[in-house]
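To start, the structure itself, in structure tokens.
The values are calculated or read from the model by the stated rules, or taken from the named source; none is laboratory data. Keep in mind the model is a prediction, meaning the values are calculated, not measured. For neighbour counting, all protein chains shown are included, and Cβ atoms are generated from backbone atoms with ideal geometry for every residue, glycine included. Just so you know, the surface numbers come from the protein's heavy atoms only, side chains and all, with ligands and any DNA or RNA stripped out. Shrake-Rupley method; radii C 1.70, N 1.55, O 1.52, S 1.80 Å.
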Amino acid sequence: MRYNTPMEWKITPGLTEYPDALAAMAERVSGIQQGTVEELVWLVEHPPLYTLGTSAKAGDVLGGSSVNAGGMSRAIPTYETGRGGQVTYHGPGQRVAYVMRDLKRHAGAAGPDLRAYVKDLEQWLIETLGVFGIEGFVREGRIGVWVETPRGEEKIAALGVRVQKWVASHGVALNVNPDLSHYAGIVPCGISEFGVTSLHALGVTASMAEVDAVIKEKFGVVF
């Protein structure tokens, strides 16, 4: 799927609270639907939190995980969200890319194709990982992008999409250097038999800025 319309890119420094991100996406999606704003790729990091997709199961939030804030321990909060998928983690060191696109505007003769769009998101992540010498792949029945490690196949990136009147939002989350212990509080994407990894855990010590540059470059290649 090739896109040729203007695309705004935005990187927000620091940590963006999840409710603020949801509100900003909702406003942007509305503007795209009305034709008053451009489409957007928004790069953020969140404080530690769990999100529940529309297919989430209550039993996949295990509880017990906490973070230190101001010298005090507190439970990692959980938020419901309208994206597809199950339970996932967001936190510092993970690059979240929210992609707000009008799929109908870019549709071919057969009409908008959500499945093809999701495949493009996966390929975007795979192309990005390839620049850092990591071979990413997808597996039937397993959401996200996976890599081979000495411990077996592990997940390095998640994705989840929400579509409203054919305008997509939410997007992908690539583990650059998050605290992987926080995944112990959930069953990531409902899959308990496989682990989770990151660029740094695989020996790639790229900075977030370096990863962002590749993310933007490869978006132009895939889309």
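The residue list 221, 204 contains one member that is part of a loop (DSSP other than H, G, I, E, B) and farther than 23 Å from residue 21 by Cβ, which is 204.
Taken residue by residue, the range 84-91 has at least one member that is modelled with pLDDT of 95 or more, of a type outside the set (S, T, N, Q), closer than 20 Å to residue 215 by Cβ and not in a helix (DSSP H, G or I). Restricting to the range 113-126, name every residue that is in contact (Cβ under 8 Å) with a residue 40 or more places away in the chain, under 24 Å from residue 22 (Cα atoms) and buried (at least 17 other Cβ atoms within 10 Å of the Cβ). The answer is 117, 118, 120, 121, 124, 125. When the test is whether a residue is at pLDDT 95 or above and acidic (Asp, Glu), residue 80 does not pass it. Annotation: of all residues in the range 132-188 being part of a helix (DSSP H, G or I) and of a type in the set (A, V, I, L, M), the one that is farthest from the chain's Cα centre (by Cα) is 184.
If you go through the range 127-148 and pick out every residue that is open to solvent by less than 30 Å² (accessible area, probe 1.4 Å), of a type outside the set (A, V, I, L, M) and modelled with pLDDT of 95 or more, you end up with 3.
Looking at 36, 5, 12, 54, which is the one that is open to solvent by less than 70 Å² (accessible area, probe 1.4 Å), modelled with pLDDT of 80 or more and among the polar types (S, T, N, Q)?
Numbers: 36 fails: open to solvent by less than 70 Å² (accessible area, probe 1.4 Å); 5 fails: modelled with pLDDT of 80 or more; 54 fails: open to solvent by less than 70 Å² (accessible area, probe 1.4 Å).
Only one candidate qualifies: 12.
Number of residues in the range 97-131 that are part of a helix (DSSP H, G or I) and touching a strand residue (DSSP E or B) at 6+ places or on another chain (Cβ under 8 Å) equals 10. Restricting the first member to the range 162-183 and to residues that are open to solvent by 50 Å² or more (accessible area, probe 1.4 Å), and the second to residues that are in a strand (DSSP E or B) and of a type in the set (Val, Ile, Thr), the beta-carbon pairs closer than 7 Å and six or more apart or on different chains are 180/196.
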